[in-house]
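Reviewing the structure listed below.
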Amino acid sequence: MKMQLGILKRCFVILGLFAFWAIPQHVAAQEADDLFVRIDSVEKKIRRLEDSIPGLKNAVNISVTDVPLNEFLRAIANNAGLNMDIDPTVNHRVSNNFSDVRVSDVLIFLSRQFSLDITEINNIFIVRPLNIPAPRPLCFVEYNDSTNRLTVEVDGEMLATFLKAVTIETGRNIIPSFEAASEPVNAFILSMPLEDAIDKMAYANNLTANPTPDGFILIEKKPVPITEVQAVRPYTGSDQRNQGESVGANSVVTVRQLGPDSVSVFAENASLSNVIKEIGEKCGLSYILSSPSDRKISIQITGAGFDQVFTSVLAGSDLVFKRTNGVYYIGKTDAPDFMTQKVMPLQYRSVDSIAFAIPEDLLAEVDLRVFKELNSVFLSGPQTGVEAVAEFIRQIDRIVPVISIELLIIDYSTSYTISTGIEAGLTDQQVKTSGTVFPGVNLTLSSQSVNDLINRFNGFGWAKIGQVTPDFYASLKILENQGILKIRSTPILSTLNGHKAELSIGNTEYYLEESVNIIGTQNPQTATTQTYKPVTAELAVIITPQVSGDDQITLEVEVTQSDFTERISTTAPPGQTSRTFKSLIRVKNGEMILLGGLEEKRDSKTGHGTPLLSRIPILKWFFSSREETNSNSKLNIFIKPTIIN
């Protein structure tokens with residue numbers, strides 16, 4: 001019996017797991033987890049009640065086919081002597097066969113199979129469907145200010161809530177219409193320009209995105225097309241409404257209103273005044289046409305707002321429009337009623353750079369004045385011209401990235417010099433013995449020291465060496481110099497995107513320049529002028545960064561290094577050597593690159609001595625003086641640019 005109960009328990013567990021995995025595939029993972037936890041809690045509650053309610057341990061033998069679940073539960077309750085309240089919505093159809101199974105196991109099985117919540121209050125079992133709250137709609141918005149690209153992922157969120165998140169993230173006012181505010185939206189858009197992303201999101205959800213003249217973007221439902229109204233007007237002279245138009249040509253004007261602020265217009269060979277009248281009449285617009293025009297136009301516009309339609313219709317003519325309190329005033333540009341003024345404060349750019357960036361054709365009819373103190377521009381002119389300039393300024397008034405450039409400059413140089421030789425001669429006055437013998441030999445001997453040395457050699461051979469004169473001197477030099485110099489500097493430069501960052505580290509020396517001027521002809525006089533002129537040797541680094549998409553930085557690098565060399569005379573300017581390279585590279589934000597490897601090697605050998613004797617091996621060390629110099633220097637520059645928004 002126990003073995004049979006164990007087998008039944010395993011069957012119930014398997015059937016319960018199968019029922020759990022049979023949940024529809026579209027249920028979210030979080031919802032499935034919550035359901036599993038709730039069902040597991042039902043089993044734990046029934047197990048705890050087995051000791052206090054004996055009826056749960058009763059065995060049942062029952063077989064049913066296509067019976068309502070609530071009737072099936074009542075039959076089990078009556079058989080086990082249980083009090084049970086069953087919700088009327090628990091009306092699933094069941095077909096089961098239970099043989100010698102405990103009531104508690106049957107209830108647990110049915111709870112798993114049909115997602116039932118079974119609770120107990122004062123020995124009364126209450127059976128209800130499990131109420132799992134729906135998962136919160138997905139709404140993710142990410143905006144890159146430097147690239148003006150938007151990434152969104154939304155699933156089931158209301159349009160109003162979604163647009164609020166987009167507005168907060170981007171700083172651009174995007175609002176829904178009253179009819180579309182509660183519409184659920186679904187979209188996934190990866191790194192697209194802001195306007196394109198909003199337009200594609202609206203299109204995917206059967207909505208329209210309409211920019212407004214004041215910089216907003218209005219999201220509306222796509223209007224249901226209404227019956228097309230068409231007016232065909234032949235110019236025969238009999239139509240009293242078309243008096244004054246040319247005779248012999250046919251014109252067609254078709255106006256279709258698609259929504260509260262959406263219209264389609266088709267016109268062929270029609271006068272401008274008639275097109276304006278048809279738009280006003282068919283769409284119920286209030287307008288005042290102060291300057292009628294017979295100019296013929298052919299145009300087709302679909303699904304545009306009224307402001308955009310009038311802008312397109314009046315393009316190329318001498319007429320402009322403005323809207324005041326819902327009334328469209330249409331007339332010539334030079335009319336006082338169509339002049340407007342606007343002050344635009346700039347948020348991110350300097351007013352000087354903006355003023356020179358506006359195209360001349362936009363300023364043909366608009367007067368622009370700059371207010372540096374307020375970082376603002378004042379626009380005056382026709383409304384359409386002022387709005388066109390204002391929209392252009394809004395588009396280029398964006399945050400300019402700041403680039404921090406870390407430099408690591410390493411200049412490593414080594415030198416090796418050896419000097420050897422013996423010099424002797426006469427001076428106009430006696431010299432004293434002086435110099436060093438350790439670690440290098442650089443010794444000058446007086447005539448007395450030389451005579452003492454000669455006297456030490458006399459007597460060792462058949463020849464006797466004579467004495468030197470008191471003005472005689474001898475110099476002995478055996479020197480070796482080694483030097484290692486390592487210069488390391490870590491400056492940090494910052495600059496705006498597209499502007500140069502410059503660094504210069506240098507040394508200035510001066511040389512004397514004399515000029516002789518002869519003044520006068522009868523009694524000429526000579527005037528000598530001395531001028532000290534500077535000569536500079538420097539390490540100069542010029543870097544121009546340019547930020548592109550995906551946080552890539554293009555760097556234009558120019559490095560110049562110059563050094564002083566020996567002077568040809570004491571008054572001559574020092575010689576110079578220079579090394580220069582230019583490079584154009586592209587790196588990611590925060591990456592470090594190595595530029596350099598500028599290496600300079602110098603080898604020089606100089607010497608002088610007695611002719612012929614200075615070339616004989618061994619003897620040449622006594623009859624010549626030589627100096628040999630080897631030097632090597634290498635410059636490396638590490639560059640790390642970082643974007644600071």
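At-a-glance table
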quantity: First in segment 164-180 and in contact (Cβ under 8 Å) with a residue 40 or more places away in the chain, second anywhere and open to solvent by 60 Å² or more (accessible area, probe 1.4 Å) and outside any loop (DSSP other than H, G, I, E, B), Cβ under 6 Å, 6 or more apart; calculated: Glu179/Lys221; Ala180/Lys221
quantity: Filtered residue count, segment 116-163, keeping only those that are more than 17 Å from Phe188 (Cα to Cα), among the β-branched types (Val, Ile, Thr) and either assigned to a strand (DSSP E or B) or without any contact (Cβ under 8 Å) to a residue 24 or more places away in the chain (or both); calculated: 6
quantity: Odd one out for Pro129, checked against (1) more than 52 Å from the chain's Cα centre (by Cα); (2) surrounded by fewer than 17 Cβ atoms within 10 Å (Cβ to Cβ); calculated: (1)
quantity: Index of the failed condition, Ala22 passing every other in (1) at pLDDT 80 or above; (2) hydrophobic (A, V, I, L, M, F, W, C); (3) under 58 Å from the mean Cα position of the chain (by Cα); calculated: (1)
quantity: Selection count, segment 213-237, where residues are at pLDDT 85 or above and either of a type outside the set (Lys, Arg) or out of contact with any Gly (no Cβ under 8 Å at 6 or more places or on another chain) (or both); calculated: 5
quantity: Residue ID - most open to solvent (accessible area, probe 1.4 Å), chosen from residues in segment 283-303 that are part of a strand (DSSP E or B) and either of a type in the set (Phe, Trp, Tyr) or in contact with a Ser or Thr (Cβ under 7 Å, 6 or more places away or on another chain) (or both); calculated: Thr302
quantity: Residues within segment 622-634 that are modelled with pLDDT under 70, crowded, with 16+ Cβ neighbours inside 10 Å and farther than 15 Å from Lys605 by Cα, tallied; calculated: 1
quantity: Candidates Gly171, Gly156, filtered to the one that is within 21 Å of the chain's Cα centre (by Cα) and on the phi > 0 side of the Ramachandran plot; calculated: Gly171
quantity: Among the residues listed as Asp145, Asp117, Asp85, the single one being modelled with pLDDT of 80 or more, surrounded by fewer than 17 Cβ atoms within 10 Å (Cβ to Cβ), among the charged types (D, E, K, R) and touching a strand residue (DSSP E or B) at 6+ places or on another chain (Cβ under 6 Å); calculated: Asp85
quantity: Extreme residue, modelled with the lowest pLDDT, among residues of segment 309-344 that are farther than 14 Å from Ile288 by Cβ, surrounded by fewer than 16 Cβ atoms within 10 Å (Cβ to Cβ) and hydrophobic (A, V, I, L, M, F, W, C); calculated: Ala315
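The values are calculated or read from the model by the stated rules, or taken from the named source; none is laboratory data. Predicted model, so just to flag it, every value in this text is computed and none were measured. Note that each Cβ is placed from the backbone with ideal geometry, even for glycine, and that neighbours are counted across all protein chains shown. For the accessible areas, the whole protein counts, side chains as well, though only heavy atoms, and no ligand, DNA or RNA atoms are used. Shrake-Rupley method; radii C 1.70, N 1.55, O 1.52, S 1.80 Å.
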